[in-house]
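The values are calculated or read from the model by the stated rules, or taken from the named source; none is laboratory data. All of these numbers come straight from a predicted model, not from anything done at the bench. Because the Cβ atoms are built from the backbone with ideal geometry, glycine has one as well, and the counts that use them run over all protein chains shown. Note: areas computed on protein heavy atoms with side chains; ligands, DNA, RNA excluded. Shrake-Rupley method; radii C 1.70, N 1.55, O 1.52, S 1.80 Å.
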Amino acid sequence: MSQFGRLLSIFNGKSPNFRRVVYLFLDLVFVFLSLELAFLVRFADDQPVPPQHLANADAYLPLFLVTASLIFYFLQFYRHLWQFASVDQYISVLIGTSSQTVLVAILMLVRHARLPWSIYILYWLFVTFFVAGYRIVYRQYFRFKLQQKKRQSYDEKARRDGKISHTYQSDVRRVLVYGAGQAGFEVIRDLQENSRGKIPAVILDD
């Protein structure tokens, strides 16, 4: 876990362009892996895999990679700050992987080189899981480190000021947020990430 943490800290410290390249590379790796897993699951009880399907998969792998790159880029997957991602960003992942799967299926059907429909469904499930999954892991790790850093900074300041009995947990103020709409959720997210000693405890709405 500590090695994973060091890797993410290096990743987070690089320039935005570097992070975008890493995101793109990981997405393409997961596109390839998802296609392979789709075949393994689909033909698990039917070995060997029919040669015509293997030939189509190998021939059209570049199509999977290119369409994923274009659609994911068009939907701004690589401009989002995933450490602060909200539901909207993960909905865009779902839209992106669904659109890419449908586009590939249509293009292969037009060229009379389609795969079994179950392959497309399995591919979509795997690629959505992987592409969204590692972003969620990164976001949760970033939030954990942010909270840890805030607590450490607060405790160090309390010790410098001679407030030995004061801790972040004991001095934090629990606040009520009025409004459960979009603005209210934005306030909650801001407090969670930049609380300055305040954490949302209750939501009140009419």
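Brief remarks follow.
- For region 171-185, the condition of being modelled with pLDDT under 75 and open to solvent by 70 Å² or more (accessible area, probe 1.4 Å) holds for at least one residue.
- Helices (runs of 4 or more DSSP H) wholly inside region 1-91 containing at least 2 residues that are loosely packed, with under 11 Cβ neighbours inside 10 Å and modelled with pLDDT of 85 or more: 51-74
- Those residues of region 104-151 which are surrounded by 14 or more Cβ atoms within 10 Å (Cβ to Cβ) and not in a helix (DSSP H, G or I), in sequence order: Ala113, Arg114, Leu115, Pro116
- Residue in region 92-103 that is modelled with the lowest pLDDT, counting only those that are open to solvent by less than 40 Å² (accessible area, probe 1.4 Å) and within 12 Å of the chain's Cα centre (by Cα): Ser92
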